[in-house]
Amino acid sequence: MPGSRGNDTLAVPKAGCRFGSCRGRFTLSLGSVDGLVRRLFRVPGRLPQLRLAEPGEFTKRAFQNGKLDLTAAEGLGDLIHAETEGQRRQALRQMAGDLGKLYQGWSDVLTKALAHLEAYIDFSEDDNIEEGVLFQVEDAVESLEKELRGHLQDSRRGERLRDGVHVVIAGPTNAGKSSLLNHLCQKPAAIVSPVAGTTRDVVEAALNIGGFPVVLSDTAGLRETDDVVEMEGVSRARQRVKAADLLLLVFDAEEAARQPDQLAHALQDILLPDGPEGSRPYLLVLNKTDLLGERGRADLQGACTRLELAPACLLSCKTGDGIVAFLHVLEEQLAQMCGDPLAGSPSPTQARHRLCLTKCLEALGRFGHYQPLDLALAAEELRQARRQLGRLTGQVGAEEILELIFKDFCIGK
């Protein structure tokens with residue numbers, strides 16, 4: 001709106017005023033606007049059968065009236081709280097119904113398989129059931145199992161994009177971890193000191209890096225110590241390393257240049273404390289390159305390549321040299337971990353989705369166990385699997401099973 005704002009007033013030019021010839025400006029107090037809004041909100045309480053809507057009530061009614069399924073309603077909530085472009089795109093796709101349509105399609109497959117199996121159990125002796133019905137059911141369940149497994153093996157891309165990628169800065173003391181955190185946050189989020197072991201606790205910051213949400217954690221330097229407080233900080237740091245989605249391992253470039261072979265051992269001590277199963281994706285960050293000459297930086301980069309310590313980013317938090325290149329590598333890694341939310345099949349976005357899908361898959365596995373032994377028990381497992389898919393979209397019912405039985409096999413004609 002044209003005009004200027006100051007001292008809690010909104011100044012609006014009076015050009016083209018309808019109420020006669022107006023010159024100059026008139027002002028509308030923002031305080032009076034707030035008062036008007038408050039008065040308007042008091043009106044519903046004075047009128048019979050009229051009230052203010054509860055938080056989320058319109059979305060709830062849309063779900064109850066079949067305008068939105070449960071996943072679409074969740075997508076709307078995610079869109080409201082989206083803080084990055086990646087989150088917004090994923091929420092829009094979910095709100096459009098892509099995830100719900102996928103789950104509903106699987107539910108329809110299970111509904112048909114269950115209807116055919118129950119028809120076979122109840123009416124096979126009346127010669128109303130075609131040959132090969134059981135084989136069709138087995139094929140449908142086997143195909144669905146494969147799709148579910150592939151859907152769950154997505155490295156939690158959807159959940160990471162919704163909740164944020166947990167990136168942990170780790171490494172030895174006095175390597176510049178807190179300086180890197182401050183650079184990424186573009187503010188003094190952590191205390192920086194030349195004294196080794198300054199950081200004792202985990203310092204967290206939520207960032208938007210390249211359109212991807214990141215929960216960045218700075219941790220205490222990893223070393224042996226007798227200080228009780230620092231020992232607790234080191235313990236928390238190692239816990240964060242184990243739970244991280246991505247590690248930024250920061251080392252002193254000057255020390256690494258003197259003993260590059262020791263760098264590989266130091267990485268293994270952090271990445272593989274409990275064996276190869278404890279490994280995490282990582283970026284190697286060699287800080288303080290301003291203390292090295294051009295030849296020293298080239299030699300260090302060559303040593304990292306020779307030792308296969310890639311990707312390695314050489315930078316200086318003091319001068320800012322190499323920060324832009326490091327951010328580019330970090331963005332590429334985040335894009336690889338989160339994927340494009342608009343490409344391919346949609347991914348589960350919440351732990352609730354993954355739990356229901358896992359339980360559905362377990363029920364399908366039990367169906368395969370009971371099918372040669374007892375068809376009634378096998379049918380019950382299909383019901384359980386279908387119920388789990390119904391919980392995802394908010395549709396759990398048995399009426400359509402009976403409809404399919406009578407439609408597909410003409411029972412009762």
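The values are calculated or read from the model by the stated rules, or taken from the named source; none is laboratory data. No experiment lies behind these values; they were computed from the predicted model shown. When we count neighbours, we look across all protein chains shown, and the Cβ atoms used for this are built from the backbone with ideal geometry, even at glycine. Ligands, DNA and RNA are excluded from the accessible area calculation, which covers all protein heavy atoms including side chains. Shrake-Rupley method; radii C 1.70, N 1.55, O 1.52, S 1.80 Å.
So that you can scan it fast, the table gives a plain yes or no per residue for (1) of a type outside the set (S, T, N, Q); (2) within 23 Å of residue 213 (Cβ to Cβ); (3) touching an Asp or Glu at 6+ places or on another chain (Cβ under 9 Å):
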site: 93; (1), (2), (3): yes, yes, no
site: 111; (1), (2), (3): no, no, yes
site: 135; (1), (2), (3): yes, no, no
site: 140; (1), (2), (3): yes, no, no
site: 171; (1), (2), (3): yes, no, yes
site: 180; (1), (2), (3): yes, yes, yes
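Only one of 325, 312 is exposed (fewer than 14 other Cβ atoms within 10 Å of the Cβ) and in contact with a strand residue (DSSP E or B) (Cβ under 7 Å, 6 or more places away or on another chain). Can you tell me which? Steps first, answer last, please.
On the way: 312 fails: exposed (fewer than 14 other Cβ atoms within 10 Å of the Cβ).
Just a single option satisfies the conditions, and that option is 325.
Considering 61, 93, which residue is open to solvent by 30 Å² or more (accessible area, probe 1.4 Å) and farther than 18 Å from residue 394 by Cβ? Break it down stepwise before answering.
Working: 61 fails: farther than 18 Å from residue 394 by Cβ.
From the options 61, 93, the qualifying one is 93.
Scan the stretch 153-178 for residues that are outside any loop (DSSP other than H, G, I, E, B) and over 30 Å from residue 196 (Cα atoms) and jot them down.
157, 158, 159, 160, 161, 162, 163
Of (1) surrounded by fewer than 19 Cβ atoms within 10 Å (Cβ to Cβ); (2) under 30 Å from residue 330 (Cβ atoms); (3) at pLDDT below 95; (4) not small (Gly, Ala, Ser), residue 199 satisfies all except one. Which?
Just one mismatch for residue 199, condition (1).
Condition first: among the hydrophobic types (A, V, I, L, M, F, W, C), out of contact with any Pro (no Cβ under 9 Å at 6 or more places or on another chain) and in a helix (DSSP H, G or I). Now tell me which residues in the stretch 357-391 satisfy that.
360, 361, 363, 364, 367, 375, 376, 377, 379, 382, 385, 389 - these are the residues of the stretch 357-391 that are among the hydrophobic types (A, V, I, L, M, F, W, C), out of contact with any Pro (no Cβ under 9 Å at 6 or more places or on another chain) and in a helix (DSSP H, G or I).
Restricting to the stretch 122-140, count the residues that are hydrophobic (A, V, I, L, M, F, W, C), open to solvent by less than 40 Å² (accessible area, probe 1.4 Å) and at pLDDT below 85.
Total meeting the criteria: 2.
This table checks each residue for (1) out of contact with any Pro (no Cβ under 8 Å at 6 or more places or on another chain); (2) over 24 Å from residue 347 (Cα atoms); (3) open to solvent by 80 Å² or more (accessible area, probe 1.4 Å); (4) not in a helix (DSSP H, G or I).
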residue: 106; (1), (2), (3), (4): yes, no, no, no
residue: 114; (1), (2), (3), (4): yes, yes, no, no
residue: 120; (1), (2), (3), (4): yes, yes, no, no
residue: 142; (1), (2), (3), (4): yes, no, yes, no
residue: 151; (1), (2), (3), (4): no, no, no, no
residue: 182; (1), (2), (3), (4): no, yes, no, no
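Yes or no, residue by residue, for (1) at negative phi; (2) open to solvent by 40 Å² or more (accessible area, probe 1.4 Å); (3) touching a strand residue (DSSP E or B) at 6+ places or on another chain (Cβ under 9 Å); (4) free of Cβ contacts under 8 Å to residues at least 60 places away in the same chain:
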site: 162; (1), (2), (3), (4): yes, yes, yes, no
site: 166; (1), (2), (3), (4): yes, yes, yes, no
site: 169; (1), (2), (3), (4): yes, no, yes, no
site: 185; (1), (2), (3), (4): yes, no, yes, yes
site: 191; (1), (2), (3), (4): yes, yes, yes, yes
site: 211; (1), (2), (3), (4): no, no, no, no
site: 218; (1), (2), (3), (4): yes, no, yes, yes
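Consider the stretch 305-324. How many of its residues are in a helix (DSSP H, G or I) and at pLDDT below 90?
Residues in the stretch 305-324 being in a helix (DSSP H, G or I) and at pLDDT below 90: 2 in total.
Can you tell me which residue within the stretch 236-263, out of those that are closer than 18 Å to residue 175 by Cα and of a type in the set (Gly, Ala, Ser), is surrounded by the most Cβ atoms within 10 Å (Cβ to Cβ)?
Taking the candidates together, the pick is 253.
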